[in-house]
Amino acid sequence: MLERSPHYRTAHDILGYGFPLTPDKRNPPGAEDHRIYWNAFIWDENSIYCWGGGDLDLTERAGDLQGLADTIGTIYATPEQPWNEASFQKLRDQPEYAGEIVTFSQHQQNTAPPQD
């Protein structure tokens, strides 16, 4: 069974539950230039499954994905293949897959006092 991140519920609260964007896996009208991952996965900063199974328009949902990262820490979005349950930890650092991983990092809070 696929190990779930402790942030699994938070990810679903922010992103909702996965669903197909279109029945034929083609970019929806008006989203031809969007980056879409069919049957996407989201992995937490420990490379543990956090969300997945639905189609994800990374262009349209970038704000939600950044919000998730700001809430739980760095996340990684990947398409379904070759990222199954066991492969992300093994494959994420291999250069040939680097272009398929979209990383959203937690924004740093500015804790410095204001300048006078």
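Every read-out reported here was derived from the displayed coordinates using simple, explicitly stated rules and does not represent laboratory data. Small disclaimer: the values here were computed from a predicted structure and weren't measured. Here the Cβ is made from the backbone with ideal geometry for all residues, glycine too, and neighbour counts use every protein chain on show.
If exposed means no more than 16 neighbouring beta carbons inside 10 Å and the site is in a DSSP loop, what's the longest run of the chain without any exposed chymotrypsin sites (Phe, Trp or Tyr not before Pro)? That gives 39-116 as the longest site-free run.
Computed from the Kirkwood radius of its Cα pairs, the Stokes-Einstein diffusion coefficient for the chain at 10 °C and 1.306 mPa s stands at 106 µm²/s.
Given their separation in residues at 0.36 nm each and the Cα-Cα distance between them, Thr22 and Ile101 gain 26.2 nm when the chain is fully extended. For the stretch 42-82, backbone nitrogen atoms closer than 20 Å to the point 7 Å from Asp93 Cα along Cα-to-C-beta are found at 43-49, 74-78, 82. With contributions of -39500 (n - 2.57) from each DSSP H run of at least four residues, the per-residue ellipticity at 222 nm computed over the chain stands at -5500 deg cm²/dmol.
Computed about the Cα centre, the dipole magnitude for the chain is approximately 220 debye when only Lys and Arg (+1) and Asp and Glu (-1) carry charge, each at its Cβ.
Highest GNM mean-square fluctuation among Leu91, Leu58, Leu68, for the chain modelled with Cα contacts below 10 Å: Leu91. From the residues Gly53, Ile14, Thr71, which one has its Cα farthest along the dipole of the chain in the positive direction, the dipole being from +1 and -1 charges on Cβ of Lys/Arg and Asp/Glu about the Cα centre? In the chain, that residue is Gly53.
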